[in-house]
Number of protein chains: 2
Amino acid sequence: MSLNARAEVLLKTLIERYIADGQPVGSRVLARQTGIDLSPATIRNVMADLEELGLVSSPHTSAGRIPTELGYRMFVDTMLRVKPLDMSEVHKLEQEFLSHQNPQQLIESASHVLSEICKLTGIVMAPRREEQATFRQIDFINLSSRRILVILVTQDGQVHNRVIAADRDYSSAELVQAANYFNETYTGDYLSDVKHALLKEIQQASDDMQRIMNLAVNMAQQAFNAEEETDDLVVSGESNLMDFPELGDVRKLRKLFDAFTTKRDLLHLLDRSMRAGGVKIFIGSESGYDALSECSVVTAPYQVDGQIVGMLGVIGPTRIPYEQVISIVDITARLLSGALSSSERPHRLESSEH
Amino acid sequence: MSLNARAEVLLKTLIERYIADGQPVGSRVLARQTGIDLSPATIRNVMADLEELGLVSSPHTSAGRIPTELGYRMFVDTMLRVKPLDMSEVHKLEQEFLSHQNPQQLIESASHVLSEICKLTGIVMAPRREEQATFRQIDFINLSSRRILVILVTQDGQVHNRVIAADRDYSSAELVQAANYFNETYTGDYLSDVKHALLKEIQQASDDMQRIMNLAVNMAQQAFNAEEETDDLVVSGESNLMDFPELGDVRKLRKLFDAFTTKRDLLHLLDRSMRAGGVKIFIGSESGYDALSECSVVTAPYQVDGQIVGMLGVIGPTRIPYEQVISIVDITARLLSGALSSSERPHRLESSEH
DNA sequence: GCTTGGCACTCATGCCAGGAGAGTGCTAAA
DNA sequence: TTTAGCACTCTCCTGGCATGAGTGCCAAGC
């Protein structure tokens with residue numbers, strides 16, 4: 001579908017205007033707002049064409065026009081001029097990221113920053129550690145009879161812990177021995193490789209293996225498996241969405257907020273868009289989820305050492321200032337990538353000194 | 001203020017009725033509902049008295065009456081028959097708590113359970129570790145140049161971690177040595193005692209102390225201090241509040257939700273009510289916080305080994321079924337206490353074997 | 001053939017009046 | 001002290017009406 005230049009300009013200004021104040025746009029304001037010198041009547045003719053094409057619609061006969069999903073889609077695809085972010089803004093963001101070092105904090109901070117700047121809801125999916133993360137250290141600590149606390153530290157400094165049940169009581173010395181075995185054998189390996197290796201060990205082990213090793217393998221296995229099911233989506237600024245009158249209906253809000261706490265659908269959506277690099281935009285029903293049917297989602301992947309490991313983005317009504325939001329999401333993804341990678345890179349240097 | 005028996009019965013049924021369906025109650029329904037055989041006209045006289053006393057009010061002349069805060073207060077103080085929870089319900093709750101072992105999970109589970117059963121918002125304040133918790137183990141791990149990951153494990157199995165900046169690079173051996181020093185010196189001590197001891201060590205140390213000890217003390221100090229500022233309130237089921245028409249106004253909701261994310265006011269409120277044992281109820285403005293002005297909060301303390309370490313509760317509109325909610329909050333507090341203590345008790349047994 | 005002014009038409013919105021319904025307060029009688 | 005009765009008040013709903021915004025269409029103009 002291609003529009004002539006005039007229709008395009010009109011659609012563009014209509015959408016910009018509608019994004020700005022959320023009211024249907026009539027032919028008169030459009031005639032004044034757009035640069036072209038045309039009478040409202042002419043505009044009306046063009047509007048009729050645009051409506052025919054499914055790019056705009058009117059809520060009722062005597063209201064102005066509002067963009068349809070298709071209209072927004074064409075807008076973002078063909079006529080959007082992404083506004084680069086102010087350098088001073090970028091520096092402010094950089095500062096924000098510099099003040100945290102722990103990956104978990106960085107992720108929460110990214111989500112918070114997104115929601116604050118865009119005045120929308122920020123979402124950040126935690127890195128897919130399983131694939132990327134490498135094993136650094138494991139600790140086993142006796143909590144009480146047969147209950148052992150396993151602490152797993154990955155190369156990037158993330159700490160995961162879990163209490164597991166043991167088949168019998170173990171002395172502290174045994175646990176230390178087990179941990180040492182692990183730390184000596186697997187440090188630096190990918191978690192996924194460690195997992196596979198563990199599976200093999202369990203099969204081969206049988207009786208000729210020291211019982212303590214058996215325990216260690218079993219415990220680590222349990223701990224690793226637990227890691228997969230962690231709930232790994234950070235949502236913030238939910239209440240920002242309450243400021244949009246088009247979402248003012250409590251029922252709609254409820255659906256949205258439930259989606260935020262369930263997280264499942266959001267994770268699927270982010271997952272789906274993970275393969276493609278760069279900023280991706282879902283407008284209204286494009287996401288395929290009922291709760292998001294009146295929302296747009298802008299996402300971007302972030303990376304660690306050149307590998308995409310997670311997604312972040314914002315959620316708002318379909319009427320969001322895409323021009324700015326896109327570059328904010330983009331920059332935030334880059335900054336988060338940088339912050340996460342820099343916490344990795346020095347380690348590489350260090351380990352090369354060994 | 002004391003009421004005659006008839007007025008009391010009427011106030012009670014009025015409140016129960018209003019809690020049930022949220023509509024102002026008129027003299028006719030009240031005449032039918034209450035056991036006493038009285039005409040609506042008589043009821044009206046009594047209502048006028050109750051209004052004089054500030055126990056009920058009417059939204060407008062031709063609406064029925066609704067309870068005031070004072071009315072609710074008298075209701076819960078003098079005429080509430082707390083409904084004990086069904087034993088089968090209690091067992092279901094117990095199962096829920098048994099399926100988690102990690103303290104953090106227990107706390108999240110408690111919050112979730114509260115919100116699910118009451119269909120309100122559940123809040124659980126994390127245990128005040130500082131006072132109660134005892135030190136078990138510390139680990140220092142090199143992340144990258146001058147960045148050290150500190151992992152602090154308390155006796156109850158909680159794991160806290162933090163990245164700190166060091167004044168120079170340290171070898172892994174040095175870090176292990178530092179950790180050993182700590183673990184040998186302080187295991188089993190109260191965190192607060194350890195903190196004080198650390199302060200002293202820093203002062204005395206000066207130059208004659210090994211630099212590595214100095215580092216260890218400094219790092220631990222940093223890690224311990226960080227622990228104090230952790231955000232320690234788990235909120236769940238926020239969106240349940242959207243189902244109450246009296247909170248249906250988006251502006252009110254926004255205030256509430258902002259309070260949930262800020263958490264500060266809620267923590268203060270819980271803190272204030274911590275000293276008193278047992279269930280405590282704040283009705284409407286009694287809490288003293290604007291965002292909660294149309295809400296009631298029901299709280300109860302939970303304990304570990306007989307010591308109150310935290311608070312939990314629910315938040316809803318003033319019109320909540322107190323009879324049931326009170327016992328649910330009470331039971332949940334007891335169950336959480338039990339679950340947290342049992343994860344502690346075996347340890348005590350074990351350590352007495354030493 | 002595109003553009004435009006004019007005009008009839010539609011629809012949301014706000015306002016006012018009127019009727020129904022719910023519930024009250026007051027008074028006088030039981 | 002209780003109750004029946006009655007006037008009164010207030011909300012809510014409805015219909016009517018004017019207003020204003022904006023459209024669609026047509027015929028004239030460039």
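The values are calculated or read from the model by the stated rules, or taken from the named source; none is laboratory data. What you see is a predicted model; the values in this text were computed from it and never measured. No Cβ is skipped: glycine too gets one built from the backbone with ideal geometry, and neighbour counts run over all protein chains shown.
Does A:ARG65 fit the bill of being touching a residue at least 24 places away in the same chain (Cβ under 8 Å) and either aliphatic (A, V, I, L, M) or more than 30 Å from A:VAL159 (Cα to Cα) (or both)?
For A:ARG65, the condition - touching a residue at least 24 places away in the same chain (Cβ under 8 Å) and either aliphatic (A, V, I, L, M) or more than 30 Å from A:VAL159 (Cα to Cα) (or both) - is met.
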Quiz item: Does any residue of region B:238-257 turn out to be surrounded by fewer than 20 Cβ atoms within 10 Å (Cβ to Cβ) and within 13 Å of the chain's Cα centre (by Cα)?
Solution: no
Exercise. Select from region B:264-281 the residues that are of a type in the set (Lys, Arg) and surrounded by fewer than 17 Cβ atoms within 10 Å (Cβ to Cβ) and write down the one among them that is farthest from B:SER296 (Cα to Cα).
Key: B:ARG275
Quiz item: Which of the residues spanning region A:130-167 are closer than 17 Å to A:SER192 by Cα and of a type in the set (Phe, Trp, Tyr)?
Solution: A:PHE135
Self-check item: Out of B:ARG28, B:ARG6, B:ARG65, B:ARG73, sole residue that is in contact with a helix residue (DSSP H, G or I) (Cβ under 9 Å, 6 or more places away or on another chain), within 9 Å of DNA strand C (Cβ to nearest atom) and farther than 18 Å from B:GLU246 by Cα
Solution: B:ARG28
Quiz prompt | Single residue of B:PHE135, B:PHE75 found to be within 14 Å of chain A (Cβ to nearest Cβ) and surrounded by 19 or more Cβ atoms within 10 Å (Cβ to Cβ) | solution = B:PHE135
Quiz prompt | Extreme residue, modelled with the lowest pLDDT, among residues of region B:241-270 that are more than 9 Å from chain A (Cβ to nearest Cβ) and touching a Lys or Arg at 6+ places or on another chain (Cβ under 8 Å) | solution = B:GLU246
Quiz item: Do any strands (runs of 3 or more DSSP E) lying entirely in region A:133-172 carry at least 1 residues that are among the aromatic types (Phe, Trp, Tyr), and which ones are they?
Solution: A:135-144
Quiz item: Which one is surrounded by the fewest Cβ atoms within 10 Å (Cβ to Cβ), of the residues in region B:43-61 that are among the hydroxyl-bearing types (Ser, Thr, Tyr) and within 9 Å of DNA strand C (Cβ to nearest atom)?
Solution: B:THR61
Self-check item: Positions within region B:11-23 being surrounded by 17 or more Cβ atoms within 10 Å (Cβ to Cβ) and over 22 Å from B:ASP77 (Cα atoms), in sequence order
Solution: none
Exercise. Inspect region A:175-188 for any residue being under 38 Å from the mean Cα position of the chain (by Cα) and within 10 Å of chain B (Cβ to nearest Cβ) and give the result as yes or no.
Key: no
Quiz item: Quick one: in region A:12-25, which of the residues that are away from DNA strand C (no atom under 11 Å from the Cβ) and touching a strand residue (DSSP E or B) at 6+ places or on another chain (Cβ under 7 Å) is farthest from the other protein chains (Cβ to nearest Cβ)?
Solution: A:LEU14
Quiz item: Taking the stated definitions as given, is B:SER99 more than 14 Å from every other protein chain (Cβ to nearest Cβ), closer than 29 Å to B:VAL124 by Cβ and more than 9 Å from DNA strand C (Cβ to nearest atom)?
Solution: no
Quiz prompt | Given (1) surrounded by fewer than 22 Cβ atoms within 10 Å (Cβ to Cβ); (2) more than 28 Å from A:MET74 (Cα to Cα); (3) touching a residue at least 12 places away in the same chain (Cβ under 8 Å); (4) more than 14 Å from chain B (Cβ to nearest Cβ), number of the condition A:LEU336 does not satisfy | solution = (1)
Quiz item: Failed condition for A:GLY54, given (1) modelled with pLDDT under 90; (2) away from chain B (no Cβ under 14 Å), with all others met?
Solution: (1)
Exercise. Only residues in region A:33-50 that are under 23 Å from A:ASP21 (Cα atoms) and within 14 Å of another protein chain (Cβ to nearest Cβ) count as the first member; pair them with residues that are part of a helix (DSSP H, G or I) and near DNA strand C (Cβ under 7 Å from one of its atoms), Cβ under 7 angstrom, at least 6 apart or cross-chain, and list the lot.
Key: none
